[in-house]
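Report on one structure; see the data block that follows.
Nothing in this text is a laboratory measurement; each read-out follows from the coordinates by a stated rule. All of these numbers come straight from a predicted model, not from anything done at the bench. All Cβ positions, even for glycine, are placed from backbone atoms using ideal geometry, and neighbour counts span all protein chains on display.
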Amino acid sequence: MDYVTKDSNPQISVDGKLYDLDKIQKVQEPSYYEAVTISQTFADMVSKLPNVNYLTLSDKSSVEAAANVYDSMTDYQKTFVSDSTVATLKALVARLNEMLKTKEETDAKKEEEQKESEKTTDKTTETTGTTGDTGTTGSTGTTGDTGTTGTTGDSESTGDTGSTGSEGSTEPTTQV
C-alpha cells in the first residue's frame, strides 16, 4: 500500500489500484484477506460437488479435500463461510460415510462368501479326487474282444490280453 497524491487529491494505491483517501473507511488486515480468500475457495469447492442424492464413491477424494480445507480453517476464517455451505458439506460427508460403510460390509460379505466357496470346492475335490481316477488305470480295452488293440513286442494279439498298445509296436493286427 502506497500513499499517492494525484491532482491535489490524496489517494492510496493498493495492488496497483488507486482509491481516494476521503472515500476509504478502513484498511483491512492481511488476516481478513486470507479469511475471505480461503472461505471463497472452500465455497467454490463445495459448489462443485454433486448433490447429496447423486454422490458416488468416485467423489470421495473431492469431498475429503473440501472437508480438509474446512477443518484447517481457523474459527475466524470459518465466520466467512455461509451456514448453507457448511450444511452441504456435512450432508455430503455423512452420505459418503454411509456409502463407505455399506461398501465395507458388502466387501466383507463377498470375501466371506468367497472363503465359503473355496471351502466347499476343497471338500468336493477331496471327495471326488479319490474316486475320480477313472480312465487313468487303463481299464478301457481290458477285454480286448475286437482283436485290433495292438501288439506288445513281436507276438500277435488274440484279443484276450487287453493291451492298449501303449508299449511296443502299435501296428494293427487281425484275429487269427
### Message
I'd like the FRET efficiency for residue 64 and residue 22, computed as 1/(1 + (r/R0)^6) with the beta carbon distance as r and R0 of 45 Å, rounded to 0.05.
### Response
0.40
### Query
Which pairs, out of 78/103; 48/78; 60/119; 23/48, put more than 25 Å between their alpha-carbon atoms?
78/103; 60/119; 23/48
### Query
Which value in nm describes the separation of the simple spin-label points at residue 120 and residue 8, placed 7 Å from the Cα toward the beta carbon?
9.8
#### Entry: Stokes-Einstein translational diffusion, region 1-104 - Kirkwood Rh over all Cα pairs, 0.692 mPa s, 37 °C, in µm²/s
200
